[in-house]
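Peer 1: My questions all concern the structure below.
The values are calculated or read from the model by the stated rules, or taken from the named source; none is laboratory data. Fair warning: this is a prediction, and the values are worked out from it, not measured in the lab. All Cβ positions, glycine included, derive from the backbone under ideal geometry; neighbour counts span all protein chains shown. Accessible surface is based on the protein model in full, side chains and every heavy atom, while ligands, DNA and RNA are left aside. Shrake-Rupley method; radii C 1.70, N 1.55, O 1.52, S 1.80 Å.
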Amino acid sequence: MSKTVKSMMMTSIQGALGDCREVLVLDASRLDAVAANRLRLDLRKKKITLLGVKNAVARRALSDIGLTGAADVLRGPCTLVYGGDDIVALSKEMTEWCEKIKTIEIRGGAIGKTALKPADVESLSKSPGRRELLSQIAGLIKSPAGRLVGAITSVGGKIAGQVKTISEKAS
């Protein structure tokens, strides 16, 4: 393969990834056409993309954009998976698909320069996603203020009730 063709392939991979800095690497080589089509259509609805790659070209393309963590798992037939809300949502989705279709194998992935092993992807799939974490943080931030308001209004309510009782007795 000529350097020009390799360069074009690298540019294509980098363009497809865009600003995405999280990828998973799968072995989907044993997947039949019907299952592959069903998988791609379902993932497309969730804005997740599958991209079959040539390993040497993908390794160079990913390292050029800072995804050096995926270099170790790029061996044999590989498919890059990227997109979705975040790496947790991507991990959850691909783990579910691996349970549905036993011929798909998660080889690992990368978050920037950090490499992910299949066990890491599995543990990520069980952790809360970005939205859940943000809601938990908001709840924790809101909690002390709620307690303070409750404490102030409960004492204020007692004082108001006592003032009302005293004013009724005086009249």
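Peer 1: For residue 30, which of the numbered conditions (1) assigned to a helix (DSSP H, G or I); (2) loosely packed, with under 13 Cβ neighbours inside 10 Å; (3) in contact (Cβ under 8 Å) with a residue 12 or more places away in the chain; (4) charged (D, E, K, R) fails to hold?
Peer 2: Here residue 30 clears every test but (1).
Peer 1: Pull up segment 2-27, narrow it to residues that are free of Cβ contacts under 8 Å to residues at least 40 places away in the same chain and more than 25 Å from the chain's Cα centre (by Cα), then point me to the one that is farthest from residue 61 (Cα to Cα).
Peer 2: It comes out as 2.
Peer 1: Follow-up. Within segment 6-27, which residues are outside any helix (DSSP H, G or I), open to solvent by 70 Å² or more (accessible area, probe 1.4 Å) and either touching a Gly at 6+ places or on another chain (Cβ under 6 Å) or of a type in the set (Val, Ile, Thr) (or both)?
Peer 2: 21
Peer 1: Next question. How many residues are under 10 Å from residue 43 (Cα atoms), open to solvent by 10 Å² or more (accessible area, probe 1.4 Å) and at pLDDT 90 or above if we restrict to segment 83-96?
Peer 2: 1
Peer 1: A follow-up question, please. Could you tell me how many of the residues in segment 100-128 are loosely packed, with under 14 Cβ neighbours inside 10 Å and over 18 Å from residue 89 (Cβ atoms)?
Peer 2: Looking only at that region, the number is 4.
Peer 1: Considering segment 56-82 alone, what residues qualify as being of a type in the set (Asp, Glu) and modelled with pLDDT of 85 or more?
Peer 2: The answer is 64, and nothing else.
Peer 1: Out of curiosity, is residue 74 open to solvent by 30 Å² or more (accessible area, probe 1.4 Å), more than 15 Å from residue 21 (Cα to Cα) and in contact with a helix residue (DSSP H, G or I) (Cβ under 7 Å, 6 or more places away or on another chain)?
Peer 2: It is false that residue 74 is open to solvent by 30 Å² or more (accessible area, probe 1.4 Å), more than 15 Å from residue 21 (Cα to Cα) and in contact with a helix residue (DSSP H, G or I) (Cβ under 7 Å, 6 or more places away or on another chain).
Peer 1: Report yes if residue 42 is outside any helix (DSSP H, G or I), surrounded by fewer than 16 Cβ atoms within 10 Å (Cβ to Cβ), at negative phi and of a type outside the set (Phe, Trp, Tyr), otherwise no.
Peer 2: No: the conditions fail for residue 42.
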